[in-house]
Amino acid sequence: MSRRAHTSIARRLLWRLLPACVLIGVALAAAVMALVARQTSELLDYQLEQVARVLIDHDFTRLNVPLVDDPAAHLDVQVLDNHGTRLYRSGNEVDVPFDSPLGFSRQFSRTDPDEDGQIDEVVLRVFTLRSEFRTVQVMQPWSLRDELVRESGVRVLLAAVLAMSLLGLVVALSVRSALRPLTRLHDELGRRGAVLLTPIVWPDAPAELQRPLTALNDLLARLQASLEAHRHLVADAAHQLRTPLAAVRLQNDNLLRTPDGPERERAQQRLGEGIDRLQRLVAQLLALARIEGGGAAARPREPIDLRGLVAQALMDVAPLAAQREVELVLDGARPASVSGDATGLRMLVDNLIDNALKHSPRGGTVWLRLSTEGGQVRLVVADQGPGVPPADRERVLQRFVRLHAGEQIGSGLGLAIVAEVVRQHQGSVALGDGPDGHGLQVVVGLPA
């Protein structure tokens, strides 16, 4: 079995949900970082512009103190008159051309030489504002702006990582909590023994488990019915086999003690009949075991031409009918199609014909008629035997019930098998008098 087949549902859910949460978190974090970067840049630009508008009206000719000397402001200011003469500069590190374009621009400035004579080039974000009397330039190092944007992004990223961690924890706990009913169901099934097949009662089961629970309880009910049926079958078989086995043993002992002659031949005949009866009983018990308890009902259904099946069964039993001088008549030339289990339906037809042959007198007739009426296929089997009294017609559909044993070899299971096959095919079976008021007529109805 592959490793995937052993993967738990919880692990499969986590492998799908957690990467999805991470991808969504990364996408949101990237979007937020881009938004924060844009807003930080706009805020810094707004700061540059506001400082320039505040300073544009100052009289710098009388000003001897720096206007912007706060390192925390991260700003530098340069003021020039309309002739390009510098009136004020906040620091010696910057030198922006007078003809810088109005508004925001990107400028390169060379710093004044340091103590070692080193001159650096600085990239600045500059806002230039010009009035009737002067030009104000407020600037900020681009590297500083990038650093502020990075710091804001790092804070957003840390918040996103924390949020994704919390979300992953919530998802893991939610999956574990949501699948806890499956663990409960597993524990409930684990506590049951092989014979405890009662339904699982779980009133507050989640909606997703209601249908599996219903199907599981239906399965348990079918298993219970099958187990009970087999228990009864075994008990009945043990009871019914005791008598024919004792009879066979007695007949065998009689045969051993009987000298050669007509008596020995009769003893051999009785022993053979006893063996035939025992063989038939075992065969019928095996047939009933195969179909009872839902075994046949679980097999797949297929379209079956019931007329063809009946015709084949009549061909197979024709030599026996000829030996008993019983005529077999089949009415209904049109195909009659039903949906069912071919093995079970053949067993039904065989038992109906065999039951009719067994109780028909020599020179009698067994009629079979097929017709389709009201969405049902009707199979009628009638004989000229002793029939079944109305009070006993329900009882003979049960196992091991024989009303007219006589000299016939029978097990009392034929009509019980017929009734079980009809039940599994959602059909109907009814017993009545033969066509002339004598004998037995069995009417089987199956969905067309």
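The values are calculated or read from the model by the stated rules, or taken from the named source; none is laboratory data. Since we're looking at a predicted model, the values are computed, not measured. Counting neighbours? That spans all protein chains shown, and the Cβs are built from the backbone with ideal geometry, glycine included. With ligands, DNA and RNA removed, areas are computed over all heavy atoms of the protein, side chains included. Shrake-Rupley method; radii C 1.70, N 1.55, O 1.52, S 1.80 Å.
How long is the gain from VAL161 to ILE200 if the chain were fully straight, where each residue apart is worth 0.36 nm and the alpha carbon distance is subtracted?
Gain on stretching VAL161 to ILE200: 9.6 nm.
Hey, can you grab everything whose amide H is under 5 Å from the amide H of GLY364? Only 5+ residues off in sequence or another chain; H modelled, so Pro and N-termini drop out.
GLU327
Per residue of the stretch 312-317, in order, report the coupling 6.51 cos²θ - 1.76 cosθ + 1.60 (Karplus, θ = phi - 60°) as ³J(HN,Hα) in whole Hz, putting x for Gly and Pro.
Computed from phi, the couplings for the stretch 312-317 are 5, 5, 5, 5, 5, 9 Hz.
Students sometimes get this wrong: rank ASP276, ASP76 by accessible area, probe 1.4 Å, all chains present, largest first.
ASP276, ASP76
Kindly report the accessible area of the stretch 359-402 per residue (heavy atoms of protein chains, probe 1.4 Å, no ligands, DNA or RNA), in Å². Show your work: numbers first, answer last.
Details: 2230 Å² over 44 residues.
The answer is 51 Å² per residue.
So for the pair LEU245, ALA391, with labels modelled 7 Å out along Cα→Cβ, what separation do we get in nm?
In this crude label model, LEU245 to ALA391 measures out at 3.5 nm.
With just the Cα atoms defining each centre, how far is the stretch 340-382 from the stretch 124-180? Give it in Å.
What the calculation gives is 88 Å, centre to centre.
Please compute the modelled spin-label separation between GLU42 and ALA311, points set 7 Å along Cα→Cβ, answer in nm with one decimal.
Here the answer is 8.9 nm between the modelled labels.
Under 5 Å between amide hydrogens, which residues at least 5 positions from SER371 or on another chain qualify, with H placed 1.01 Å from N in the peptide plane?
Residues meeting the amide H criterion: ARG378.
Could you give each residue of the stretch 210-222 its phi-based ³J(HN,Hα) in whole Hz, using Karplus coefficients 6.51, -1.76, 1.60 with θ = phi - 60°, and x for Gly or Pro?
Listing the rounded values in order: 5, 5, x, 5, 4, 5, 5, 5, 4, 5, 4, 5, 5 Hz.
With r defined as the distance between the Cβ atoms of ASP57 and LEU169 and R0 fixed at 41 Å, what FRET efficiency is calculated, to the nearest 0.05?
Using R0 = 41 Å, I get an efficiency of 0.10.
Out of residues 5 or more away from ALA448 or on other chains, whose amide H comes under 5 Å of its own, with H placed 1.01 Å from N in the peptide plane?
GLN376, VAL377
Once phi is turned into ³J(HN,Hα) by the Karplus curve 6.51 cos²θ - 1.76 cosθ + 1.60 with θ = phi - 60°, what whole-Hz value does each residue of the stretch 148-164 show in order, with x for glycine and proline?
After applying 6.51 cos²θ - 1.76 cosθ + 1.60, I find 5, 5, 4, 4, 5, x, 4, 5, 5, 5, 4, 4, 5, 4, 5, 5, 5 Hz.
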